[in-house]
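Read the structure below first, then the notes.
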Amino acid sequence: MLAESPLKRRCLHQAAAPHLDAALRQCLSLENEARCRQALGPNVALYEQYVRGKRGASKTQGSWASVLISLCLVEGESAFLFTLRSAELKGRHKGDVSFAGGKCDPLDKDVVDTALREAREELGVTVATDQVWGVLKPLRDRSGMVIAPVLANLGPLEVLTFKPNPAEVEEIFTMTLSHVWSHKNRGYTHFRTGERYGYTLPVFRNGKHRVWGLTAVALEHTLQLIMPP
């Protein structure tokens, strides 16, 4: 069942505003990037305990996963880059829409390093550290794994060369910022736990592709951040 949320109501309100198109164009501006970097700065401290744990400070910490939330330009329009996970993968997330990402490696120095390495391995593209705007607040999956959403701007898509790993990635595609921001392409699903209401997650629709789960949560949090006030 789809239901309205505060962010959706914000979409409806701004869709009627005459300056929405201008706001969408400003999302990848240097001014908005600086604002987002400043807002994301304090989040680095939220991951320090896990990095320390990986280095041996605690046996109960040190394990995380990172995803790279990739902004880009497609024919001059702001967009997000997604992957369709291979249907041959093991686990319940095979065939899902996702951001490039995965669990930390012993050689990863921090959560950003994990996200950039996973992008190289899955997409065959190198993202420089100065293209990273920062890290959003941690998410947790059902197992309790800490997931770090790392936000980066890859720039114009036409200048990038992708070499996706076929064992992990079935398809690479983009969705424009204006598409995911529109209330027509989004909704919210209520889940039950037993006989009671459990939780609500956002859903983004785009033809055959559906963005849901933690990928949709990370996308919603990113939208709240990058839209200029």
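So Gln131 passes all but one of these: (1) under 21 Å from Glu77 (Cβ atoms); (2) touching a residue at least 60 places away in the same chain (Cβ under 8 Å). Which condition number does it fail?
Condition not satisfied by Gln131: (2).
Looking at region 149-168, I want the residues that are in contact (Cβ under 8 Å) with a residue 24 or more places away in the chain and have a partner that is of a type in the set (D, E, K, R) and in a helix (DSSP H, G or I) with Cβ atoms under 6 Å, at least 6 apart or on another chain. Which pairs are those?
As it stands, the answer is Asn165/Glu122; Glu168/Glu122, since those pairs meet every condition given.
Search region 99-113 for residues being farther than 26 Å from His209 by Cα and in contact with a strand residue (DSSP E or B) (Cβ under 6 Å, 6 or more places away or on another chain), and hand back the single one that is surrounded by the fewest Cβ atoms within 10 Å (Cβ to Cβ).
Applying the filter and picking the extreme gives Val112.
Within region 192-208, identify whether any single residue is in contact (Cβ under 8 Å) with a residue 60 or more places away in the chain and more than 23 Å from Ser143 (Cα to Cα), and answer yes or no.
No, region 192-208 contains no residue that is in contact (Cβ under 8 Å) with a residue 60 or more places away in the chain and more than 23 Å from Ser143 (Cα to Cα).
FYI, it's all coordinate maths here, none of it is from the lab. Just so it is clear, the structure is predicted and the values come from calculations on it, not from any experiment. Note that each Cβ is placed from the backbone with ideal geometry, even for glycine, and that neighbours are counted across all protein chains shown.
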